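Student: Below you will find the structure I want to go over with you.
The values are calculated or read from the model by the stated rules, or taken from the named source; none is laboratory data. Everything numeric in this text was worked out from a predicted model, so none of it was measured. Every residue, glycine as well, gets a Cβ built from its backbone with ideal geometry; the counts of neighbours run over all protein chains shown. These accessible areas exclude ligands, DNA and RNA; they are computed on the full protein's heavy atoms, side chains included. Shrake-Rupley method; radii C 1.70, N 1.55, O 1.52, S 1.80 Å.
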Amino acid sequence: MNLNCGSGQKKRNNIAAGISKHMTPHKIRHSGITDSLEVSNEDYRKVQSLSRHADPRTVMIYDDNRKQYQAELSSKLAQRVGKRKSS
């Protein structure tokens, strides 16, 4: 995919590739880093080197998003608050 082409051409490229979501170079990079965590058995050092992030915590954010920890905990906390009795 030519990332320097206009938005119309990008959309046509996405459709030709069977991609229905709007894609940007950053989203493609994010997907690659996330997939790298999966195929490397969560080897943060390898993925950090591949992605060239200086701080390993940045790679951990990708992993948290992949596992959706924040969404899971938010849902559990919301359920818990909903179950509390009124004082």
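Student: Condition first: in contact with a helix residue (DSSP H, G or I) (Cβ under 6 Å, 6 or more places away or on another chain) and either loosely packed, with under 11 Cβ neighbours inside 10 Å or in a loop (DSSP other than H, G, I, E, B) (or both). Now tell me which residues in segment 21-38 satisfy that.
Tutor: 23 - this is the single residue of segment 21-38 that is in contact with a helix residue (DSSP H, G or I) (Cβ under 6 Å, 6 or more places away or on another chain) and either loosely packed, with under 11 Cβ neighbours inside 10 Å or in a loop (DSSP other than H, G, I, E, B) (or both).
Student: In segment 42-57, which residue that is part of a helix (DSSP H, G or I) and closer than 25 Å to residue 10 by Cβ is most open to solvent (accessible area, probe 1.4 Å)?
Tutor: 50
Student: So, residue 21, is that one over 16 Å from the mean Cα position of the chain (by Cα) and modelled with pLDDT under 80 or not?
Tutor: Taking the combined requirement at face value, the residue does not satisfy it.
Conditions tested, residue by residue: (1) open to solvent by 70 Å² or more (accessible area, probe 1.4 Å); (2) of a type outside the set (Ser, Thr, Tyr); (3) in contact with a Gly (Cβ under 6 Å, 6 or more places away or on another chain); (4) free of Cβ contacts under 8 Å to residues at least 24 places away in the same chain.
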site: 11; (1), (2), (3), (4): yes, yes, no, yes
site: 19; (1), (2), (3), (4): no, yes, no, yes
site: 40; (1), (2), (3), (4): no, no, no, yes
site: 60; (1), (2), (3), (4): yes, yes, no, yes
site: 77; (1), (2), (3), (4): yes, yes, no, yes
